[in-house]
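Throughout, read-outs are computed from the coordinates displayed, never taken from laboratory work. It should be emphasised that the depicted structure is a prediction, and the values quoted were computed from it without experimental measurement. Because the Cβ atoms are built from the backbone with ideal geometry, glycine has one as well, and the counts that use them run over all protein chains shown.
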Amino acid sequence: VPAAPTSVASTGSYTIPSTAGVAYLVDGTPKAAGTHLSGYTKVTVTAVAQPGFTLSGTASWTLDLTKKTAVAAAPAVNYTTKTVTIPRATGVVYFIDGVAKSPGSHKITTYATVTAKASAANYVVTAKTWKFDLRTAVTPAAP
């Protein structure tokens, strides 16, 4: 019975197991047991019996390691409480002035630049930047 290959989406890698009497092909090409990089593509792994062995059970797997598109939603700003609220978005990490921030409200007292980027190599996000000025507004008086 061939062991199933495993994969790690964030690195785009897959691991071919070592199973007695079984050889593995990846997209039709023989692959040795161990961890391999897919280049973030979809791969088909097929188990074939070595001479003197027969297979039983599952003998083919498709591993989808393609990059996923994530959408960066705009952060919300509250000028009264002087906070910027970072949304929760799968595949996106937000930075305030270059520091990674978790989803939720963050106190800002002056200027703030919020940037959204992909959270891992297996995500594609169009980098976005928002700038906020949360300083207290002053109304000039007539002379």
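Between Ser102 and Thr41, the C-beta separation translates, for a Förster distance of 30 Å, into a calculated FRET efficiency of about 0.40.
For region 1-83, the ratio of Cα radius of gyration to the globular rule of thumb 2.2 N^0.38 Å stands at 1.71. Taking 26 Å as the straight-line reach from the Cα of Lys42, the lysines in range (excluding those fewer than 8 positions away in the same chain) are Lys31, Lys67, Lys68, Lys117. Ellipsoid fit via the Cα gyration tensor, region 72-115: semi-axes of 17, 11, 8 Å, each the root of five times an eigenvalue, largest first.
With equal scatterers on the alpha carbons only and no solvent term, can you work out the Debye log10 of I(q)/I(0) for the chain at 0.09, 0.16, 0.17, 0.21 1/Å? Debye curve over Cα of the chain, log10 I(q)/I(0) at q = 0.09, 0.16, 0.17, 0.21 Å⁻¹: -0.49, -0.83, -0.88, -1.12. Restricting to DSSP loop positions (anything but H, G, I, E, B) with no more than 13 other Cβ atoms inside 10 Å of their own Cβ, which trypsin sites (Lys or Arg not before Pro) remain in region 20-93? Taking region 20-93 and a limit of 13 other Cβ atoms within 10 Å, the loop trypsin sites (Lys or Arg not before Pro) found are Arg88.
In this structure, Ala49 and Thr29 have a Cβ-Cβ separation that, at R0 = 22 Å, corresponds to a calculated FRET efficiency of about 0.80. Once the C-beta distance of Ala20 and Thr66 is scaled by a Förster radius of 41 Å, the resulting FRET efficiency is 0.80 to the nearest 0.05. Were the residues from Val1 through Trp130 laid out at 0.36 nm apart, the gain over their Cα-Cα distance would be 41.0 nm.
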